[in-house]
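Quick note: the coordinates plus some simple rules give every number you see, no bench work behind them. All of these numbers come straight from a predicted model, not from anything done at the bench. Heads up, the Cβs are rebuilt from the backbone with ideal geometry, glycines too, and the neighbour counts pull from every protein chain shown.
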Amino acid sequence: MSTLQLLWFVLIGILFSGFFFLEGFDFGVGMSVQTLAHDEEEKEQIIQTIGPVWDGNEVWLLTAGGAMFASFPYWYASLFSGFYLILFIILVGLIIRGVSFEFRHRMPDGKRRRMWNWTLSIGSFIVPFFFGVLFIDLVQGMPLDVNGNMMASFTDYINVFSVVGGVALTLLCYLHGLNYITLKTEGPVRERARNYASFFYWVLYVGLVVFAALLYFKTDFFDNNFLVTLLLVVAIVALTVVANVSVFKKKEMLAFLASGLTLILLVALLFSGLFPRVMIGSEGYYDILIKDASSSPYTLKTMTWLSLTILPFVLAYTGWSYYVFRKRIKHPAIAAVGYEG
């Protein structure tokens, strides 16, 4: 395995980490529209917290997929063909969620606006749940042949571990969104989000115990790299405790950062368990290794230079946009503005 192959494996992990950190609270905010808000004004207030940034956050997913296609085409081909239906469902969730911002804005109060509110929340639920299912399937192993083709049945995709993973990721995103709402709003919504977070963190503790047990029995993570896996699991639990305590003590920024770092460490856990593979065969063979799945050294080198040139500008623009829209959203919600970004 070359240095560039390892670098791009790590970079793809970083891109997915950035996606779940930034888009994770978007999903949580979207789910909160129907679970947290009590009236249309509060729904408007909640949506305005992500109005200027949600579409920019989705770019991290597009970049991760593009980087996988360019740097590891064998991995991309096997994953996207094998998980075609799950990825299609994720795409549907992203589409109905994205259009709901615009359509609900153009609808008068009534059944049509309520429909698009539900569409926003449902789409925000679908995406993290099925991403959780996909990543758990990826690390527990799927039936692969010698050419990397996946021949899986329904129970290979949907099983106890994958459902637990989907629920866990959805709950993490929901809590991340609640922490973001407490950071970005004023009024009753802010207090209600804090109360909801205080309750759901206790649910998350149970989920993390079940997830860790299934990770031990259903994957080879602890067998292959016991120390790193254990440290990452402990760190995820510790950050969850930090976020929970921060919510209780009303340290909103710390709670938000802790919940975001929990998502980042979860991605790190999954990628460290995959290493040095990109796809795991469920029968213990036909794994696809990093060294066999990558593009040519010239392609990786060219991509590296391009990325190092463009990345500082992207990060600077992202930071600047969050600085510009740093103010809290007051209740009642201000006059509606365009949410297409």
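In table form, for the structure just shown:
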{"read-out": "Cut-off under 5 Å, modelled amide H: who pairs with LEU289 long-range", "value": "VAL278"}
{"read-out": "Estimated inter-spin distance, ARG326 and TYR205, nm [label 7 Å along Cα→Cβ]", "value": "3.5"}
{"read-out": "Whole-Hz ³J(HN,Hα) from phi, Karplus 6.51 cos²θ - 1.76 cosθ + 1.60, for region 316-321, glycine and proline x", "value": "5, 5, 4, x, 5, 5"}
{"read-out": "Distance-filtered residues of region 262-278 - backbone nitrogen under 12 Å, label point 7 angstrom along PHE226 Cα→Cβ", "value": "none"}
{"read-out": "Cα-based shape type of region 94-206, given that a ≥ b ≥ c are square roots of the gyration tensor eigenvalues and the cut on a/c is 1.5", "value": "oblate"}
{"read-out": "In sequence order, calculated HN-Hα J values of region 21-35 (Karplus, 6.51, -1.76, 1.60; Hz; x Gly/Pro)", "value": "5, 7, 6, x, 6, 4, 4, x, 5, x, 5, 6, 4, 9, 9"}
{"read-out": "R0 of 35 Å, Cβ-Cβ distance TRP305-MET1: FRET efficiency to nearest 0.05", "value": "0.95"}
{"read-out": "For LEU7, net neighbour charge (Lys/Arg +1, Asp/Glu -1) across residues whose Cβ lies under 15 Å away", "value": "+2"}
{"read-out": "Value of relative contact order over the chain, rounded to a whole percent, pairs C-alpha under 8 Å and six or more apart", "value": "29"}
{"read-out": "Straight-distance crosslink candidates among lysines, where the alpha carbon sits under 26 Å from LYS251 and sequence neighbours closer than 8 are dropped", "value": "LYS43, LYS184, LYS327, LYS330"}
{"read-out": "Per-selection Rg to Rh, the chain - Cα, Kirkwood hydrodynamic radius", "value": "0.97"}
